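FYI, it's all coordinate maths here, none of it is from the lab. All figures in this text were calculated on a predicted structure; none of them were measured in a lab. We place every Cβ from the backbone using ideal geometry, glycine too, and count neighbours over all the protein chains shown.
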């Protein structure tokens, strides 16, 4: 059971447009027409995770001299995938790797910092935050907990001179190593997920600054934060409208235990922005995968938009229509290869490919690995673990 934000739980924020605080995803037509979400639709395919994030999360384990291949095998991830910059893993695999790293390193940041963050600190912070009245009070309480355990950087809230913007900034005490840079990214990722959970809704960010260099391979950072991300910044930070900090804390001790069992790897999945246009299109396409997927022009007609407007809106979200179709097919294919007993030909047909060879070429383009090889590696790992 997941904690969800119901309409009764969503509080309009004073001074903000009503549309921001209104619950539920909608699609706007060309004349401002609001179209309700379909009553019944298949669950959207779960997003997979770029191998770049796997490589980064292992930096601390490398530094500590851990057996990387053994760690990956416990998470059912083929070590060979690390060699392909376009490879992907499932959310379950990534979550299993997080659990394994936490257990092996006895560190909630997996050996990335100069001293470990003891298991239980996240729970202590969450417990302190649920007893606060407003989101601002809760964030301050959580940061006080972490400042007791992290010496490489200091997390603090800053208000802009005009009082309209709040920034959660991580002030590094020395030039950051690659391990610390990823630890900073992880810290703000977890902080943002915790913020969303506390108020039982997704709080929109105005922008994100990361001290990390721009990644060379695929990354999911922009999609996760659903805002523009600036790399190579002097300070890692989350920026948001100060009005959101007046939201009341909605959680209490009753749901804390269940929340902690899922956290932190499901924090942002729970409050993913299904209202953005790209996610709404992905949901619609999910129900038509075994047919010929609609063209951009056909999709625009369904949404009562012109093709030019659809392209522009997707471009504003940093997406393209073909990219949405390819990523959906890729994620569904990986899920089928991981969990189902379907043959490769059946998988190809269910994804709308008339020929298995076409699916083979597409999958290798998406992930750097042929579908048969991807499944075989997974079976070998499962057999070895069994």
Q. According to the square roots a ≥ b ≥ c of the eigenvalues of the Cα gyration tensor, what is the shape class of segment 118-270, taking rounded for a/c under 1.5, prolate for a/b larger than b/c otherwise, and oblate for the remainder?
A. rounded
**Q.** For 331, 67, order by how many other beta-carbon atoms lie within 10 Å, fewest first
**A.** 67, 331
**Q.** Fewest-first sequence of 292, 373, 338 by Cβ atoms within 10 Å of each Cβ
**A.** 292, 373, 338
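Quote to one decimal, in nm, the extra length available between residue 345 and residue 70 on full extension: 0.36 nm per residue of separation minus the C-alpha distance between them.
Numbers: separation 275, 0.36 × 275 = 99.00 nm, distance 3.20 nm.
95.8 nm is the gain from fully extending residue 345 to residue 70.
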Q: Give, in nm to one decimal, the length gained when the segment between residue 316 and residue 262 is fully stretched (0.36 nm per residue of separation minus the Cα-Cα distance).
A: 16.2 nm
Q | residue 252 versus residue 103: modelled label distance in nm, points set 7 Å from Cα along the beta carbon direction | A | 3.5
Q: Determine, for 208, 229, the number of other Cβ atoms within 10 Å of each Cβ, and report the residues in order from fewest to most.
A: 229, 208
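Please report the relative contact order for segment 118-270, taking Cα pairs under 8 Å with a sequence separation of at least 6, and give it as a percent rounded to a whole number. Mind dumping the intermediate values first?
On the way: 228 pairs, mean separation 43.8, N = 153.
So the answer I get is 29 percent.
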